[in-house]
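Values in this text are rule-based calculations from the coordinates and carry no lab data. Please read all numbers here as calculations on a predicted model, not as lab measurements. Methodologically, a virtual Cβ is constructed for each residue, glycine included, from the backbone with ideal geometry; neighbour enumeration extends over all protein chains shown.
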Amino acid sequence: MSEQVVDIKSPCVSVCVLSEEDICEGCYRSAQEITDWSVLSVEDKQVVMGNVKQRFKQLNKHLLL
């Protein structure tokens, strides 16, 4: 029995503001990651989501306890 691979939903939260470093202040993806999202494989999207998690932690460390 084969497992069905489920696509990863975009992390977009409709707060589309890019920082000076080209990182979205809403979803923490780079401008290039946003542009490429619709053509990325599930595996590549998982990599992007890992990048998002790291950026969120780095950019919000003052909020995290």
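A few comments on the model shown:
- Of H62, C12, W37, farthest towards positive along the dipole that unit charges on Lys, Arg, Asp, Glu beta carbons give the chain: H62
- The count of lysine pairs in the chain that are at least 8 places apart or cross chains, and whose C-alpha atoms lie under 16 Å apart, stands at 4.
- The stretch 17-65, relative contact order in percent, only Cα pairs under 8 angstrom and at least six apart counted: 27 percent
- DSSP-assigned coil residues among trypsin sites (Lys or Arg not before Pro) in the stretch 1-51, each with at most 11 further Cβ atoms within 10 Å: K9
- Placing unit charges on the Cβ atoms only, positive for Lys and Arg and negative for Asp and Glu, gives the chain a dipole magnitude near 340 debye about its Cα centre.
- Spread over its residues, the convex hull of the C-alpha atoms of the chain is 106 Å³ per residue.
- Degrees between helix 42-59 axis and first principal axis of the chain (Cα, 0 to 90, nearest 10): 20 degrees
- A run of the chain free of exposed loop cleavage sites, with GluC sites (Glu not before Pro) counted only in DSSP states other than H, G, I, E and B and at most 10 other beta carbons within 10 Å, reaches its longest extent at 22-65.
- Loop-located chymotrypsin sites (Phe, Trp or Tyr not before Pro) across the chain with a Cβ neighbour count of 16 or fewer within 10 Å are lacking, with loop assigned by DSSP.
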